[in-house]
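Here's the structure we're looking at; comments come further down.
The values are calculated or read from the model by the stated rules, or taken from the named source; none is laboratory data. Values in this document were obtained by computation on a predicted structure and should not be read as measured data. Heads up, the Cβs are rebuilt from the backbone with ideal geometry, glycines too, and the neighbour counts pull from every protein chain shown. With ligands, DNA and RNA removed, areas are computed over all heavy atoms of the protein, side chains included. Shrake-Rupley method; radii C 1.70, N 1.55, O 1.52, S 1.80 Å.
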There are 2 protein chains.
Amino acid sequence: MCFNLAEGPRCQLCEDQRRDTGLICVVEEPGDVIPIERTHEYRGRYHVLGGALSPIDGVDPEDLKLSELFARVENAPADAPVREVVLATNPTTTGEATALYVADRLRTSAPEVTVTRLASGLPVGADLEYADEVTLGKALAGRRAL
Amino acid sequence: MCFNLAEGPRCQLCEDQRRDTGLICVVEEPGDVIPIERTHEYRGRYHVLGGALSPIDGVDPEDLKLSELFARVENAPADAPVREVVLATNPTTTGEATALYVADRLRTSAPEVTVTRLASGLPVGADLEYADEVTLGKALAGRRAL
């Protein structure tokens, strides 16, 4: 269902009944699930796309598990609807493009679902002096009230 | 006034009449002003603290330009009030402590001023697989609607 690596028809995380079915975290590769699990901040399910959109490399929407994601969101049972889709693709050009594509598509097909994106900014322990402009610009633009 | 490096009594950025006087960006060192200027995202003024709070190294609030910052915010002229203080101290232990100290103090002495903090999260171009837990946890907790 989530296209994560699994021994059976469903992965361990999808089998876990204690996990929130209303939250779906979209990642590029199965390997991206592990660092997110390690944070202990996320208690929802996952959806592994198997890559990121990159027309120059010939990776089109059909090559990823995108239609499966949209079907999962749109056809969720009424007693367990999907409330939020967290786009956790990498903060690279292809990852951002994929995130925007998914957000755009879900906005029209499932407007009741909240689509969120991982925060971009300075990593913990970094130094302003050595931060690149784009990251610092995003950190400034995304500043939040304390 | 801002304790940035200057040739005259005021630094070039404070002299610039086109800059927004209602925005003050608090940084640790004069060197931190340069990367923020390079982003072209910020058009306000600065306040250089000259370091970060670190009781273990003997750096107490009196050692930094903190009282000068509070005076600048509280005694701003009525026709040019300070609307927002952007805390751009480094995302390290000492920088975070300094940011919380300033936010806490301003909340009581100047409740009408918005206090914001730079976003913490994944830097642009990073890979989820190699992100540390704390940063990824912050990126998840600080996710925003697209």
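Miscellaneous remarks
- One residue from B:Val73, B:Val134 being surrounded by 14 or more Cβ atoms within 10 Å (Cβ to Cβ), β-branched (Val, Ile, Thr) and within 16 Å of B:Phe3 (Cβ to Cβ): B:Val73
- Entry remark, the stretch A:122-131: residues being surrounded by fewer than 15 Cβ atoms within 10 Å (Cβ to Cβ) and within 7 Å of chain B (Cβ to nearest Cβ) number 2 in total.
- Of all the listed residues (B:Pro30, B:Pro55, B:Pro35, B:Pro61), the sole one being surrounded by fewer than 17 Cβ atoms within 10 Å (Cβ to Cβ) and free of Cβ contacts under 8 Å to residues at least 12 places away in the same chain is B:Pro55.
- Selection within the stretch A:84-98 - among the small types (Gly, Ala, Ser) and either more than 7 Å from chain B (Cβ to nearest Cβ) or free of Cβ contacts under 8 Å to residues at least 24 places away in the same chain (or both): A:Gly95, A:Ala97
- Every test in (1) under 13 Å from the mean Cα position of the chain (by Cα); (2) within 20 Å of A:Ala126 (Cα to Cα); (3) more than 11 Å from chain A (Cβ to nearest Cβ) is passed by B:Leu53 save one, and that test is (1).
- Qualifying positions in the stretch B:99-121 - within 12 Å of another protein chain (Cβ to nearest Cβ), open to solvent by less than 70 Å² (accessible area, probe 1.4 Å) and either among the aromatic types (Phe, Trp, Tyr) or more than 15 Å from B:Ile24 (Cα to Cα) (or both): B:Ala119, B:Ser120, B:Gly121
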